[in-house]
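The values are calculated or read from the model by the stated rules, or taken from the named source; none is laboratory data. Remember, it's a predicted structure, so these values are computed and weren't measured experimentally. For neighbour counting, all protein chains shown are included, and Cβ atoms are generated from backbone atoms with ideal geometry for every residue, glycine included. Each accessible area value is taken on the protein alone, full model and side chains, heavy atoms only, with ligands, DNA and RNA left out. Shrake-Rupley method; radii C 1.70, N 1.55, O 1.52, S 1.80 Å.
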Amino acid sequence: MMATNKHSKLLVCAAGIFVCYFYFGMLQEKITRGQYGDENNREKFTYMFALVFVQCLVNYVFAKTILLTVMKQGEDTTSTLYYFLSALTYLLAMVCSNMALKFVNYPTQVIAKSGKPIPVMILGVLLGKKVYPVRKYLFILLIVVGVALFMYKDGVVAKKQSEEQSSVGELLLLLSLMMDGLTSAVQERMRAEHKTKSGHMMLNMNIWSVIFSGVVILISGELSEFIGFLQRYPYTIWHIGTFSIAGAFGQYFIFLTVAEFGPLPCSIITTTRKFFTVLGSILIFGNNLTPRQWLSTFIVFSGLFLDATYGKDKNKKGTAN
């Protein structure tokens with residue numbers, strides 16, 4: 001009976017991650033790559049710091065509610081400096097990732113971001129002096145090969161402008177990955193020195209991100225432009241609101257999966273959901289892939305799945321990617 005309940009709970013967590021992040025991904029592409037206005041006055045959504053501000057604010061409110069009602073995790077002794085640094089890199093990673101969607105399609109973003117274990121491992125070795133098993137290096141190499149193959153430019157490029165835009169998008173994704181690596185390095189220090197709980201981490205990282213992004217949109221004038229955009233296209237309020245709520249619930253299901261079943265099942269679930277999100281983007285938005293890109297997608301997710309299943313050091317506790 002206990003085993004049945006545990007399996008049921010795992011299925012609920014997996015379904016929550018799949019549904020929330022699938023919806024999150026589709027709305028992210030719809031918001032950032034959509035065309036607004038009539039044929040004579042087309043415009044795009046360009047308010048990335050405002051979008052991240054709303055997202056982090058919803059995450060903060062969600063985390064605060066969960067900590068007060070469901071996941072009471074006691075006193076938090078983590079240094080404010082760690083939260084400050086991790087929030088800054090976390091914010092920049094999200095902004096760069098969202099901005100990249102102005103220049104590349106969603107499958108490209110997902111495949112590139114699937115290379116997150118690469119900077120995490122490199123910075124873990126350089127800053128955290130961590131030691132990984134040889135098989136993990138092989139699995140990460142497989143991911144590198146797959147991402148490089150996916151990003152490779154064919155000999156004939158239809159438009160030079162398109163090539164330049166793609167390069168800008170790829171640079172933003174590279175910066176996003178670097179920020180992801182720095183975030184993970186700081187989080188490792190937080191867990192090692194203060195045993196920081198997931199709820200406290202989610203709460204404090206998001207409130208600092210709200211402060212940072214709030215200052216940016218106030219100083220730059222993006223806030224007033226963002227409000228004007230919402231007034232012109234009020235239906236986007238629903239898209240942005242549900243996008244942020246889906247992301248918050250997705251984070252909760254990930255934390256719940258790690259807490260109840262460990263990082264390994266969570267890594268496998270999140271890797272699998274990324275693949276189906278790519279398929280969903282192709283089917284819904286018509287983002288076609290070449291045979292080479294299909295092959296590279298298979299290589300990337302094979303590397304991710306192998307790393308999630310066999311790449312962990314069994315003598316140490318890992319964390320979900």
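Considering every residue within the stretch 202-213, establish whether at least one is more than 22 Å from Val125 (Cβ to Cβ), crowded, with 21+ Cβ neighbours inside 10 Å and in contact with an Asp or Glu (Cβ under 9 Å, 6 or more places away or on another chain). Within the stretch 202-213 (the criterion being more than 22 Å from Val125 (Cβ to Cβ), crowded, with 21+ Cβ neighbours inside 10 Å and in contact with an Asp or Glu (Cβ under 9 Å, 6 or more places away or on another chain)), the answer is yes, since at least one residue qualifies.
Residues that are modelled with pLDDT of 85 or more and touching a Leu at 6+ places or on another chain (Cβ under 7 Å) within the stretch 182-198 comprise Leu182, Val186, listed in sequence order.
Here Thr4 clears all of (1) polar (S, T, N, Q); (2) modelled with pLDDT under 90; (3) part of a helix (DSSP H, G or I); (4) touching a helix residue (DSSP H, G or I) at 6+ places or on another chain (Cβ under 7 Å) except the condition numbered (4).
Does Val147 qualify as being at pLDDT 75 or above and more than 16 Å from Thr290 (Cβ to Cβ)?
For Val147, the condition - at pLDDT 75 or above and more than 16 Å from Thr290 (Cβ to Cβ) - is not met.
Within the stretch 221-244, the residues that satisfy the criterion of being open to solvent by less than 70 Å² (accessible area, probe 1.4 Å), in a helix (DSSP H, G or I) and not hydrophobic (A, V, I, L, M, F, W, C) are Glu222, Gly228, Thr236, His239, Gly241, Thr242, Ser244.
Close Cβ contacts (under 9 Å, 6 or more residues apart or on different chains) running from residues in the stretch 213-241 that are without any contact (Cβ under 8 Å) to a residue 40 or more places away in the chain to residues that are open to solvent by 60 Å² or more (accessible area, probe 1.4 Å) and assigned to a helix (DSSP H, G or I) comprise Leu230/Ile237.
Among the residues of the stretch 23-79, which ones are assigned to a helix (DSSP H, G or I), surrounded by 15 or more Cβ atoms within 10 Å (Cβ to Cβ) and β-branched (Val, Ile, Thr)?
First pass over the stretch 23-79, keeping only residues assigned to a helix (DSSP H, G or I): 23-33, 48-69.
In the following step, the residues that additionally are surrounded by 15 or more Cβ atoms within 10 Å (Cβ to Cβ) were identified as 23-33, 48-64, 66-67.
Selection gives Ile31, Thr32, Val52, Val54, Val58, Val61, Ile66.
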